[in-house]
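J.: One structure, as structure tokens, below. Some questions next.
FYI, it's all coordinate maths here, none of it is from the lab. Only a predicted model underlies this, so the values are computations on that prediction, with no experimental measurement involved. As a convention, Cβ positions derive from the backbone with ideal geometry for all residues, glycine included, and neighbour counts pool all protein chains shown.
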Amino acid sequence: MAQKAYSLSHTKWLCKYHIVFTPKYRRKVIYNQIRSDVGEILRRLCEYKGVEIIEGHLMPDHVHMLVAIPPKYSVSSVMGYLKGKSSLMIFDKHANLKYKFGNRRFWAEGCYVSTVGLNEATIAKYIREQEASDIALDKLSVKEYSDPFKK
């Protein structure tokens, strides 16, 4: 598989990372409308910073992303930006979440980051197929939850 080298004005780079982060208290809140809104928000924020999302999947209680981050940004600064801005945008769209989370902090502290190297295809496949394998292993059913206060 040919690797696509990105370029800036004086730099050629290939910096890809597998990132996993969770909502506060690992609550299973990423479903239905919130799931599509979180995906849209993360895509928009990555586009603003010039970060390419190669693969991504929103699980009910965590987010997997395979991203290419330009070397002018550190991984921690991009994660701080993504988690901070997306929290504000999520609470703007879904004000009822403030009762569960408070203080406008949607994401838990910290994240998992791994460099990809030459096994990008393997990690992309893992991200795509993780939900199906979780269901098979845990014998869980992915149930779309509904708001108990709606009629």
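J.: Calculate the dipole size of segment 41-138 relative to its Cα centre from +1 charges on Lys and Arg beta carbons and -1 charges on Asp and Glu beta carbons; express the result in debye to the nearest 20.
T.: 640
J.: Given a Förster radius of 30 Å and the C-beta distance between Gln130 and Asn96 as r, what FRET efficiency does 1/(1 + (r/R0)^6) yield to the nearest 0.05?
T.: On the way: r = 28 Å, r/R0 = 0.95.
My answer for the efficiency is 0.60.
J.: Using modelled amide H (1.01 Å from N, peptide plane; none on Pro or chain starts), what sits under 5 Å from the amide H of Ala108, excluding residues fewer than 5 places away?
T.: Thr22, Lys24
J.: Next up: To the nearest 10 degrees, how steep is helix 32-49 against the longest Cα principal axis of the chain, on a 0 to 90 scale?
T.: Around 30 degrees separate the two axes.
J.: I've got another one for you. Full extension from Lys12 to Arg105: what is 0.36 nm times the residue separation minus their Cα-Cα distance, to one decimal in nm? Kindly include the intermediate steps, with their values, before the conclusion.
T.: Values: separation 93, 0.36 × 93 = 33.48 nm, distance 3.59 nm.
Gain on extension, Lys12 to Arg105, equals 29.9 nm.
J.: Let me ask something additional. Per DSSP H run of at least 4 residues, take -39500 (n - 2.57); add these up for the chain, divide by its residues and hand me the 222 nm value, nearest 500 deg cm²/dmol. Intermediate results must be reported in sequence, preceding the final value.
T.: Details: 4 runs with 60 residues, N = 151.
After summing the helix terms and dividing by residue count, I get -13000 deg cm²/dmol.
J.: Still on this model: Could you check the spin-label model distance between Lys85 and Ser36? Points 7 Å from the Cα along Cα→Cβ, value in nm.
T.: Output for this residue pair reads 2.3 nm.
J.: Further question on the same structure: With viscosity set to 1.567 mPa s at 4 °C, what whole-number translational diffusion coefficient in µm²/s follows for the chain from Stokes-Einstein and a Kirkwood radius over Cα pairs? Kindly include the intermediate steps, with their values, before the conclusion.
T.: Details: Rh = 16.6 Å.
Using the Kirkwood radius from Cα pairs, D works out to 78 µm²/s.
J.: Given Cβ point charges of +1 (Lys, Arg) and -1 (Asp, Glu) and nothing else, what value in debye, to the nearest 20, does the dipole of segment 12-82 about its Cα centre take?
T.: Details: 11 positive and 6 negative charges, 38 e Å.
Dipole of segment 12-82, to the nearest 20 debye: 180 debye.
J.: Can you flag which of Lys100/Lys125; Lys93/Lys125; Lys24/Lys49 are past 29 Å Cα-Cα? Intermediate results must be reported in sequence, preceding the final value.
T.: Values: Lys100/Lys125 33 Å; Lys93/Lys125 31 Å; Lys24/Lys49 24 Å.
The pairs that break the limit, which is 29 Å between Cα atoms, are Lys100/Lys125; Lys93/Lys125.
J.: Taking only Cα atoms, what is the 0 to 90° angle, nearest 10, from helix 120-138's long axis to the longest principal axis of the chain?
T.: Between helix and principal axis, roughly 20 degrees.
J.: To check my understanding: the extent here is largest minus smallest coordinate of the Cα atoms along each principal axis. What are those three numbers for segment 1-65, in Å, largest first?
T.: 43, 22, 21 Å, listed from the longest principal axis down.
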